[in-house]
Structures are given as C-alpha cells and as structure tokens.
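The values are calculated or read from the model by the stated rules, or taken from the named source; none is laboratory data. Predicted, not measured: the structure shown is a model, and the values here were computed from it. Every residue, glycine as well, gets a Cβ built from its backbone with ideal geometry; the counts of neighbours run over all protein chains shown. Just so you know, the surface numbers come from the protein's heavy atoms only, side chains and all, with ligands and any DNA or RNA stripped out. Shrake-Rupley method; radii C 1.70, N 1.55, O 1.52, S 1.80 Å.
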Amino acid sequence: MSRHHTGPRAGAGARTIRWTVLGVAAAAALVPLLAMLDFSTRTPTGGRSGQAWSSLATDPDLSAAILVSLQLALLTAVVVVALLLPTMLLVALRLSWARQPLELVCLLPLAVPAVVVVVGVAPVYAWVVHLLGSSPLNLVFVYAVLALPYAHRALAAGLGGLDLRTLVEAARSLGARWPDVVLKVVLPNLTGAVASTVVLVVAVVLGEFTVASLLGYDTLPVAINLVGKRDAELSVAASLASLVLAFVLLLGLSLLPVGRRRRAAPAAAVLSPTPAAPPGTGAPS
Amino acid sequence: MTALAAGRRTASRSSGRLASEVTAAAGLLPFGALVVLFLLIPLGVVFAGALLDESGRPTLGGLAALGDPVVRSAFARSFELSAITAAVGAVLGAAVATVVAGSSPTSALRRVVVAACGVLSQFAGVPLAFALVATIGLSGVVTQLLGGAGVDLYASGVWLFDTPGLVLAYTCFQVPLMVIVFLPALDGVRPAWREASLTLGGTRWQHFRLVSVPVLAPAFTGALLLLFANALSAYATAAALVSQGSSIVPLQIRRALSSDVLVGQQDLASTLAVGMVLVVAVVMGAQALVQRRTARWLR
C-alpha cells in the first residue's frame, strides 16, 4: 500500500532532480558558447560585425597556423595508422608475448604530463631540426606519440571484434600475399576502427598547445593564444570555431561502428584516460 | 638412426621457427623507433637531467631544488588547485553522469553529452581560456550583463587571471572528465540489483546507501585520483590564462625552459618534471589499485 504511494512520488522527485541537473549542465555549457558568439561579433559602438570571423581566413598569423595545424593533423593520422596498425596485427598474429608490453607503451603517454615530455623531447628536437630543418610539421613525431593511447584503444576495439586469425588463414590459404592480406582483407574489416583513430588523432593534434608552444612552433592553438594579446575578438572567434569543430568530430566518432560482431565500443570508453581495459574485457575476478 | 634424423629435423624446424620469429620481431622496428626516440629517450633525458651532474655522475644536488621555497610553494599550490578541482569535479560530474546513465548508450542525449565532455575535458585547452575571457573576462558578456544589473564581478580585484580563475577554469574540464570516466562504471550497475532491493522491501534511499554507494565507491575514488593527476598535469588552459607569473608547477617549468640562458635552469626544468612524474605515478598507481577493486563488481 505504502509502496503505491511512495513509488510515483519518488519517481516525480527523481524526474525533477534529473531535469534540474540536465538544465544546469546545459546552461553551463551553452552560456559560454553564446557569450563567445556575442563577444566575437560585437562592435565598440554596440552594433554587429562579422569582421572577426572573416579575419579567420585573412589574418596572416592565424590563417597560416590553421593551414599548419590541418596538415599536421592529417600527417599525424597517416603516420599513426601506418605505424600502429601493422604493429598491432603483427603482435596479434605472431608475437603474442609483445601484446602487453605494446599496450603498456601505448598507454604510457597518459601517465606522463605533456609538459614533462617537452622537457625531455627538446634536446631530441635539436637533432630533428638539424636533420630535417625547422618545419612545424616536425611535430608529427611527438604528436604521434601523444595520440597513441587513443589510437591503440580504438584499433584494439576494432581488432577485438574480428576473428583475425581465421580471416588471415583463409586469405593465406587462398594464396593471398601478405600485403594483400593486410590491405584487401583486414583493412576493409577495420574501417570503423581506423576512422575512429583518424578522428581522435585529428582532435588531439588540433587541440595540442603544450608541446607546440614550448618548442616554439606556431600551430593553431599557439596562434590563438598569441593573437589574443592584440585582438581578443579574433581569438574568441577562432576558439569558438575550434571548439565546434572538435565537438562535430567527436559526435561523428560516436556514430562510427567499431568492430563488427560486438556492439560499437562506447565512445566514453575510448575517450576515457583510464589506463585500464574498457569494461567487458577486464580480467575475471 | 630414424630417431636421430627426426631429432635433426625438429632441430632445424625449431631453428627455422626461431629465424622467422626474429624476422617477425624485426617488424616491430619502425614503431619501436618512434617510441624509443620520442617517448623513452625523452623520459631518460628528464631523469638524467635531474639526477646526473655535468660530468654524468649521479647526484642528488638537482633534487635539492625541490626544497627551494618557491618550488615548494608551487607544488603546494598545484596540490591545492588539483585537490579542490578534483573534489568539485568529481561530485558535480558524478551527478551529471548519473542523470545521463539513465538513457540508453545509443540515445542522442548520451552521444551529445559524451562528445561535449570529450571536447571540454581533453581537447579544449586554449579555447577554454578564451571562452572564460569572453564570458566573465573584464569585458566579458556576462560581466557586462551583471554590471548593468549593478553586480561587479571584480569588486575585490581581477581574480580571473590568478588562482581563483584557475580553479574555475580547471573545474570546467574536470567535471566533463568525471562524466567520461564515471559513465562506464554506472553502466556496470545492474538494474536487477535495484529491483532486488525494492522487491525485498527496501526504500530508494536504502538502495542508494547500502548498494549503490558501496558498489560505486571504488570507481568514484579511482576517478577522484585520476582527476587529481589530470589537474596536476594540465598546462594549456593555465598557460593561456596566466601569461605572466608561475604560481603552479607546470608554469614554473615554462619559466625554467624559456629562460634557459641561465646556467642550471634546464636542470631545474628536469627536476620539476621528475617531481611531477613521481607524484603523478604515485597517484596513478593508487588509481590502478582502486581500479582492481572496482572490477570486482562492475564488469
């Protein structure tokens, strides 16, 4: 009897709390976005102007930095996939002893603050500049390392959903050569995982500030910070644009299927910086 | 005779297998080179810079810098900032995660929240600082709206570009990080437990206090530690917000790196970096231990 009374009332209370929390969270996220839009389009006289937004493409510092960051993002994505995917396939098929060390190494950048990496990588970059010249694209190496945790998890989720050994043995016994096995058999089964990896790497590279700024390369976040000292409206416009771009990228990520048999890996698990296996793959207790 | 031949055959087969194993392992070289050159050697450089003197002999002289009052107060302020924002972030983030966990993993609400939290917690950095400037900076939109209503945000001084500003900015990425870290734990809570406690006549409050809290406590503690380590390591937002001064450890590293004309400053950067690595390692180690407890119930 009493349960009949408390049931609906508690439900209504819970619903109120639920909507209050959601409302506050939405306001906390949306008010700054609207403020940025307002800030970047207002004029000193109280009117509206698209000046800051059109300067995104014309301001020499910013447009150069945007170009650098986009090139760097694509280059890093290619390097990460080209180095990590074959390595993970090799380990899965031939070198099972290397499985855990590989995972450990890939997750290590999560435990080392980027500002610490800079301190140690600065002397290495003196050599890189000596050998390759001082292009900002040199950052691809250290960015590939910083993106490893995300890339490894996305690719591992994809590989976990495949019966890799059967697939490869079938292809080999039908006479496929190794390059064909990788490019024509395995890769088409991993498109979702590879696309997730690319999205995550691009997000990491477009947002990275610490290493670029301390090594003295003008990428997009570095330029946003510098421009802010002379033209706050322009920096706010660029900031809003890059936040929206990152949001669109990650929203797209959550729609990508990863792995064929299992349900898509929850985006939260891929994004989480916890250096532990996502739920479902943990060791039995 | 046949046994001998068979033995020889296995021997040659196993040496063939060894050879092919070595060839396979050689395939690890390109990736290994990247990791060694740009992760392991840099870490070695940091430790060498802090623990070796100019002639390459081990010394604890560098570590003496950790006892310097300026450095000590930077660590104290970093700890304080990390502890406050981890606690606030964990509580508020857990509340948001609990609300979102009620919806299915493929719902639009869940996708939008996770994407937004991913952006804010891990890829925002500098844009986050400018979001704060545009909202509650000196000429920010909300500052002006409140000013029109007679409320002066900066009546007691400009706090945004100092420690209170850092607390606010860090909270802006700690709450979303908590949502991302805590959601998988909440997903592990089975509806059957709730049904069981309600069937047995328990109230919602009893279910919360006697089932949810004990089951989720390790995950919550782990997330709290992770948030602490995250705040300690963060650099971009602080660097963009605080252009001068070096109140916290990452900003002290910036100063040590950018004034490397001074003899010994590079070593100061390494020493600070080692101090940071050690603290983060201890916190992450504790987090891993807690994580193991979490796995007992939430799989």
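Average accessible surface for the stretch B:69-295: 42 Å² per residue, computed with a 1.4 Å probe over protein heavy atoms with every protein chain in place.
Across the stretch A:15-160 the C-alpha pair distances fall into 5 Å bins from zero in the proportions 2, 7, 11, 12, 12, 11, 13, 12, 10, 7, 3, 1, 1, 0 percent. The A-B contact accounts for roughly 6600 square angstrom of buried accessible surface, both chains included, probe 1.4 angstrom.
In terms of overall dimensions, the stretch A:78-155 has a Cα radius of gyration and Dmax of 14.1, 39 angstrom. Using Cα pairs under 8 angstrom and six or more residues apart, how large is the relative contact order of chain B, in percent? It rounds to 26 percent for chain B. Each residue, B:Tyr154 and B:Ala288, gets one label point 7 Å from its Cα in the Cβ direction; the gap between the two is 4.6 nm. With viscosity set to 0.692 mPa s and temperature to 37 °C, compute the Stokes-Einstein D of the stretch B:69-295, Rh being the Kirkwood radius across alpha carbon pairs; µm²/s, no decimals. Translational diffusion coefficient: 167 µm²/s. Applying a length cut-off of 18 Å (Cα extent along the axis) and a mean Kyte-Doolittle floor of -0.5 to the DSSP H helices of chain A leaves A:2-41, A:60-93, A:99-111, A:114-132, A:140-160, A:191-207, A:232-255.
Backbone amide hydrogens, once placed in the peptide plane, bring B:Leu52 within less than 5 Å of B:Thr59, excluding anything fewer than 5 places away on its chain.
Return the Rg/Rh value of the stretch B:33-158, two decimal places, where both radii are evaluated on C-alpha atoms and Rh is the Kirkwood radius.
1.13
Between B:Ser139 and B:Asp162, the contour length at 0.36 nm per residue exceeds the Cα-Cα span by 6.6 nm. Applying Stokes-Einstein at 4 °C and 1.567 mPa s to the Kirkwood radius of the stretch A:132-262, computed over alpha-carbon pairs, gives a translational diffusion coefficient of 75 µm² s⁻¹.
Using R0 = 30 Å, the C-beta based FRET efficiency linking A:Leu187 and B:Arg17 works out to 0.60. Per-residue SASA remark: B:Glu195, around 110 Å² accessible (1.4 Å probe; ligands, DNA and RNA not included). When chain B is treated as a GNM with alpha-carbon contacts under 10 Å, the residue of B:Val99, B:Val113, B:Val277 showing the greatest mean-square fluctuation is B:Val99. Across peptide B:171-179, the mean count of Cβ atoms from other chains lying within 10 Å of each residue's own Cβ comes to 2.
With a 10 Å cut-off around each Cβ of A:210-217, the average count of Cβ atoms from other chains is 4.
Spin-label pair B:Leu198-A:Lys229: with each label point 7 Å from Cα along the Cα-Cβ axis, the two points sit 6.0 nm from one another.
For the stretch A:177-203, the residues whose amide N sits under 15 Å from a probe point set 7 Å from the Cα of A:Leu93 along the beta carbon direction are A:177-190. Just so you know, the Cα atoms of the protein assembly as shown work out to an Rg and Dmax of 26.0, 104 Å.
Projected onto planes of every orientation and averaged, the convex hull of the alpha-carbon atoms in chain A covers 23.1 nm². What is the Cα centroid distance between the stretch A:165-197 and the stretch B:59-98, reported in whole angstrom? If you average the Cα positions of each part, the centres end up 47 Å apart. In this structure, B:Arg190 and A:Leu22 have a Cβ-Cβ separation that, at R0 = 22 Å, corresponds to a calculated FRET efficiency of about 0.40. A simple count of charges around B:Ala97, restricted to other residues whose Cβ falls under 13 Å of its Cβ and scoring Lys, Arg +1 and Asp, Glu -1, yields +1. GNM remark for chain A: springs join alpha carbons under 10 Å apart, and the peak mean-square fluctuation among A:Leu159, A:Leu167, A:Leu37 falls on A:Leu167.
For chain A, which span is the longest to avoid every loop-located (per DSSP) member of trypsin sites (Lys or Arg not before Pro) having at most 16 other Cβ atoms inside 10 Å?
Longest run free of exposed loop sites: A:1-93.
Between A:Leu34, A:Leu245, A:Leu70, where does the largest GNM mean-square fluctuation fall for chain A, given springs only between Cα atoms within less than 10 Å? Looking only at A:Leu34, A:Leu245, A:Leu70, the largest GNM fluctuation is found for A:Leu34. In chain A, helical runs assigned H by DSSP with n ≥ 4 each contribute -39500 (n - 2.57); averaged across all residues and rounded to the nearest 500, the mean residue ellipticity at 222 nm is -24000 deg cm²/dmol. Based on protein heavy atoms only, the stretch A:172-220 ends up with 41 Å² per residue of surface accessible to a 1.4 Å probe. Projected label points at B:Asp68 and A:Val248, each 7 Å from Cα along the beta carbon direction, are separated by 4.6 nanometres. Working from the alpha-carbon coordinates of the stretch B:87-197, get Rg over Rh, Rh being the Kirkwood radius. My calculation of the ratio gives 1.11.
As an exercise, use a Förster radius of 56 Å and the Cβ-Cβ distance of A:Leu70 and A:Ala14 to find the FRET efficiency, rounded to the nearest 0.05.
Values: r = 46 Å, r/R0 = 0.82.
Efficiency for this residue pair is about 0.75.
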